[in-house]
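Q: I have a structure I would like to understand better, so I am pasting it below and will then ask my questions one at a time.
Bear in mind these aren't lab numbers, they're just calculated from the coordinates by the rules spelled out. Being a predicted model, the structure only gives us computed values, none of them experimental. Because the Cβ atoms are built from the backbone with ideal geometry, glycine has one as well, and the counts that use them run over all protein chains shown.
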Amino acid sequence: MAGFNKVVHSYDEAMAGLENGMTVIAGGFGLCGIPEGLIAQIKKMGTRDLTVVSNNCGVDGFGLGVLLEDRQIKKMVASYVGENALFEKQLLSGELEVELTPQGTLAEKIRAGGAGIPAFFTATGFGTPVAEGKETREINGRNYVLEPAITGDFAIVRAWKADRYGNLVFRHTAMNFNPMVATAGKITVAEVEEIVEPGELEPSQIHTPGIYVQRVIQAKFEKRIERRMVRQG
Amino acid sequence: MALSREQVAMRVAQELKDGYYVNLGIGIPTLVANYVPAGIEVMLQSENGLLGMGPYPTEAEIDADMINAGKETVTAIKGAAIFSSAESFAMIRGGHVDLTVLGAFEVDQNGNIASWMIPGKLVKGMGGAMDLVAGAQNIVVTMTHADKYGASKLLDACTLPLTGVGCVKKIVTDLAVLEVKDGAFHLLERAPGVSIEEIQQKTAGKLVIKGEVPEMVFA
């Protein structure tokens, strides 16, 4: 890696520096838009005691679910974890800690983390178990909960196109959490379908400016579909 | 007779107004999209980051990068917009979505809703439901009036952990349409052939009945 050339050519390079006990924030919604190869690399490295922040935790045998197989995740921060039998087993046995966070609050916590905002007030979750132990405040007659921001030692995202400066464009709803996640890592790694020459991405159409991204790796993705619904056409 | 799932969805669809941005939850709420009244245009918001959700794709149109909040393959209509989760919940939290339709385990007479957690069973998570109920201008809850043992789901106070407080204004069940205000359920309509007595018997919370309660009308 030299200057602004952020392209790396191996997964070892892409995830170099990941250590036990670190926090990893991952983009994706269900299995849509997940950095498949970076997750596989974390499994291969065997890094343990991770705190993983992601909307979901994959499914059994795919996505972040593979990190449960060798008990690499100590704590999961997510909004919905209902797709994963191994997750359920480790949660019930007490091996895995989980912090359920409303989806919009999770997105905003990551956005705030990347934007240098330490916490914010939201009406979401007021009067529910989510607000327990948190500061609340009445503002203009409505009650709000103070939610702290999230940052990670690593942020891993999947994008459609990148250039060597780390500018990213996402594809369709595979965007989801990826743009916020990309801003919130000390080291942000983007796994992308295609790397193009600087200038090929229209500057005003870039979703994630390269300043947030430290490493880019090109990959082929399986893109597994979670719920295949079809209409007769 | 109690309404079918499709009839509940048909009745909810009567709440749609021309020009509404609408978020439909999983289950019966999803079916509402099939019954949008003629001459009315609504735009469906899916909280994973899609405004202008279309029908399921044909086999040829399937794209793994195009899903809805239920993780189902989906299409976008012409004129749709796709954006990040933070942007999506800015729309929701900021009150820009006109109507949210979602299911629930329990609703109480003060508009509290419980829809995400049954202690002692596995907790799967709230997803976007807490943000939706905190942010929407208008929330319609769809559910069966009572559980399969006949126990009411319309209570004086929710017993399960809450999703949101004081946010539900309207409920469409398989037996009735009710408005929640002033600490009570107000009976607006009943399902065709369902008696006031049955609704009273299956409503545990405070129920207000004024005058003749009309039967629902389906086009």
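Q: Calculate the translational D of chain B in whole µm² s⁻¹ from Stokes-Einstein, where the hydrodynamic radius comes from the Kirkwood formula applied to all Cα pairs, the temperature is 4 °C and the viscosity 1.567 mPa s. Don't jump to the answer; show the numbers that get you there.
A: Details: Rh = 17.9 Å.
Answer from the Stokes-Einstein relation: 72 µm²/s.
Q: Given the DSSP H assignment, sum -39500 (n - 2.57) over each helix run of at least 4 residues in chain A and divide by its residue total; what's the result at 222 nm in deg cm²/dmol, nearest 500?
A: Values: 6 runs with 45 residues, N = 233.
Taken over chain A, the calculation gives -5000 deg cm²/dmol.
Q: Note down the nm distance, to one decimal, between modelled labels 7 Å out along Cα→Cβ at A:ASP12 and at A:ASP70.
A: Rounded to a tenth, the inter-label distance reads 1.6 nm.
Q: Extent of segment B:1-99 along each principal axis, from alpha carbon coordinates, in Å, largest to smallest?
A: For segment B:1-99, the Cα extents along the three principal axes come out at 42, 36, 24 Å.
Q: List the relative contact order of segment B:1-56 as a percent without decimals, with contacts defined as Cα pairs under 8 Å and 6+ residues apart. Please report the intermediate quantities before stating the final value.
A: Details: 65 pairs, mean separation 19.1, N = 56.
The normalised contact order for segment B:1-56 reaches 34 percent.
Q: Considering the Cα trace of the protein assembly as shown, what is its radius of gyration and what is Dmax, both in angstroms?
A: Taking only Cα atoms of the protein assembly as shown, I get Rg and Dmax of 22.9, 79 Å.
Q: Between segment A:20-55 and segment A:59-81, how far is it from one alpha carbon centroid to the other, in angstrom?
A: Rounded to whole Å, the Cα centres lie 8 Å apart.
Q: Oh, and also: Just to verify a number: FRET efficiency for B:VAL36 and B:GLN200, C-beta to C-beta distance, R0 = 35 Å, to 0.05?
A: On the way: r = 33 Å, r/R0 = 0.94.
Efficiency, from the Cβ-Cβ distance: 0.60.
Q: Next question. Which residues in segment A:134-167 have a backbone N closer than 18 Å to a point placed 7 Å from the Cα of A:VAL196 along the Cα-to-Cβ line?
A: Counting only backbone N, you get A:158-167.
Q: Which of rounded, prolate, oblate describes segment A:142-187, given a ≥ b ≥ c as roots of the alpha-carbon gyration tensor eigenvalues and a/c under 1.5 marking rounded, otherwise prolate only if a/b is larger than b/c?
A: Values: a/c = 3.50, a/b = 1.76, b/c = 1.99.
Since a/c reaches 1.5 but b/c is at least a/b, the shape of segment A:142-187 is classed as oblate.
Q: Would you mind classifying segment A:49-168 by shape? Square roots of the alpha carbon gyration tensor eigenvalues, ordered a ≥ b ≥ c; an a/c under 1.5 is rounded, otherwise it is prolate if a/b is larger than b/c and oblate if not. Working shown, then result.
A: Details: a/c = 2.40, a/b = 1.23, b/c = 1.94.
It is oblate, given that a/c is not under 1.5 and a/b is not larger than b/c.
Q: Please report Rg over Rh for chain A, where both radii come from the alpha carbon positions and Rh follows the Kirkwood definition. Don't skip to the answer; put the middle values down first.
A: Values: Rg = 17.9 Å, Rh = 18.2 Å.
That ratio is 0.98, to two decimals.
Q: Sticking with this one: Students often forget the sequence filter, so: which lysines lie under 25 Å Cα-Cα from B:LYS153 once same-chain residues fewer than 8 apart are removed?
A: B:LYS121, B:LYS124, B:LYS169, B:LYS170, B:LYS181, B:LYS202, B:LYS206, B:LYS210
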